[in-house]
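The values are calculated or read from the model by the stated rules, or taken from the named source; none is laboratory data. Computed from a predicted structure; not experimentally measured. When we count neighbours, we look across all protein chains shown, and the Cβ atoms used for this are built from the backbone with ideal geometry, even at glycine. Ligands, DNA and RNA are stripped out before the accessible areas are found, and what is left, the full protein with its side chains, is counted by its heavy atoms. Shrake-Rupley method; radii C 1.70, N 1.55, O 1.52, S 1.80 Å.
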Amino acid sequence: MTDGELAGERPPATWPRPANPAIAEVAADAAGPTSAADAGGTALAEGGRIAVAGGEQVHVVESGPPDAPTLLLSTGLGGAWFDWEPVIALLGDRYRVLAFDRPGLGLSPAARRPASLRRDVAVLADLARTSGAPVTVVAHSMAGFHAEGLARLYPDLVRALVLVDPSCEERVNCAGLRISAAVHPVLRATGAGLEATRLSRVIGPFGRRMTLKQVTERGEPVPPEVVRSVYGRGAVLGTVLAEDVAYREAAADLLALRERRPLPDVPLEVLTALADAGDALEWSSCHRRLAGMSPLGNQVDLPDCPHMVQFDRPDAVADAVDRAHGIAP
């Protein structure tokens with residue numbers, strides 16, 4: 001993303017490698033500049049690594065055939081790489097899948113820079129470049145902002161977009177209310193404080209359970225110890241707050257970007273969860289207009305599915321990925 005280009009989500013929510021998702025301790029002296037050595041002894045997912053992308057360190061877990069079409073999976077607010085486990089179980093045999101944690105989330109180290117559309121598009125762009133672009137970006141909820149921004153700014157990096165119950169904001173005014181950069185140090189310190197006092201080990205997993213009760217009818221796709229290892233981190237709690245604060249700013253920046261950069265003519269699949277949508281008609285209409293931004297757009301209503309589509313209807317996500325690649329479900 002060029003520096004001069006950039007100065008809604010459903011209510012904050014979200015939550016797959018089909019293999020054993022157990023956490024493995026990684027030695028601090030492991031080899032490689034973008035390997036687990038960068039974690040400094042941090043516990044990573046089995047098969048995971050720390051990569052440098054967009055000037056940040058991010059946890060990436062790769063699965064599937066290395067020569068298959070590449071999928072880059074991005075979670076909604078506060079999510080983790082294992083949110084996609086049910087989907088990867090259906091796609092991992094025919095796609096190369098990279099599920100990653102945004103800075104500060106999952107098992108990624110705390111972010112250096114505040115959450116923003118610019119930062120998160122830069123992370124996606126570097127991951128796409130190093131993964132053999134063009135890639136198909138599968139994005140849930142607010143990550144739809146980042147996926148669309150990537151396609152508009154770096155069309156050569158994107159093969160297709162699959163937006164899973166994405167944020168859909170058409171009118172946002174946050175002039176004079178840009179506070180995410182100012183509060184970033186405070187929220188990072190808050191996370192560190194919760195970690196030091198061990199309060200994060202109680203607050204984080206509890207918050208995860210309460211959130212999931214509102215947005216899915218399914219249980220966690222990974223064992224409880226994996227959930228605790230992620231949501232017990234103070235950095236994760238600070239990052240969730242930071243992303244929530246930055247949400248409107250990212251939405252406003254995307255709306256401004258739409259005025260300057262066209263969306264490339266790539267396949268664009270939009271899945272709409274209606275079971276907890278509130279105004280289902282308006283939510284579906286907003287997603288239909290979003291899909292209509294591409295001549296290759298397609299929108300699908302899921303009447304009985306709540307917001308965590310990748311939990312409740314992983315088959316619908318897998319079908320959308322296949323359609324985006326010209327494969328009939």
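Computed quantities for the displayed model
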quantity: Which numbered condition Val300 fails, given (1) more than 30 Å from Glu195 (Cβ to Cβ); (2) of a type outside the set (Gly, Ala, Ser); (3) assigned to a helix (DSSP H, G or I); calculated: (3)
quantity: Selection count, segment 84-101, where residues are open to solvent by less than 10 Å² (accessible area, probe 1.4 Å) and more than 9 Å from the chain's Cα centre (by Cα); calculated: 7
quantity: Selection within segment 164-192 - touching a Ser or Thr at 6+ places or on another chain (Cβ under 9 Å), open to solvent by less than 60 Å² (accessible area, probe 1.4 Å) and either closer than 16 Å to Arg119 by Cα or not in a loop (DSSP other than H, G, I, E, B) (or both); calculated: Val164, Ser180, Leu187, Gly191
quantity: Matching option when the condition is surrounded by fewer than 23 Cβ atoms within 10 Å (Cβ to Cβ) and in a loop (DSSP other than H, G, I, E, B), among Leu255, Leu281, Leu263; calculated: Leu263
quantity: Segment 35-77, subset open to solvent by 10 Å² or more (accessible area, probe 1.4 Å), acidic (Asp, Glu) and touching a Gly at 6+ places or on another chain (Cβ under 9 Å), residue modelled with the lowest pLDDT; calculated: Asp38
quantity: Qualifying position, being in contact with a strand residue (DSSP E or B) (Cβ under 9 Å, 6 or more places away or on another chain), surrounded by fewer than 20 Cβ atoms within 10 Å (Cβ to Cβ) and modelled with pLDDT of 95 or more, among Leu271, Leu296, Leu290; calculated: Leu296
quantity: Failed criterion for Arg129 (all others in (1) of a type outside the set (S, T, N, Q); (2) at pLDDT 95 or above; (3) open to solvent by less than 20 Å² (accessible area, probe 1.4 Å); (4) not in a loop (DSSP other than H, G, I, E, B) hold); calculated: (3)
quantity: Members of segment 208-224 found to be outside any helix (DSSP H, G or I) and open to solvent by 60 Å² or more (accessible area, probe 1.4 Å), listed by number; calculated: Glu217, Arg218, Glu220
quantity: Scope segment 206-229; condition within 18 Å of the chain's Cα centre (by Cα) and closer than 20 Å to Ala277 by Cβ; matching residues; calculated: Thr211, Leu212, Val215, Thr216
quantity: In segment 230-251, the residues that are of a type in the set (D, E, K, R), open to solvent by 60 Å² or more (accessible area, probe 1.4 Å) and under 16 Å from the mean Cα position of the chain (by Cα); calculated: Asp244
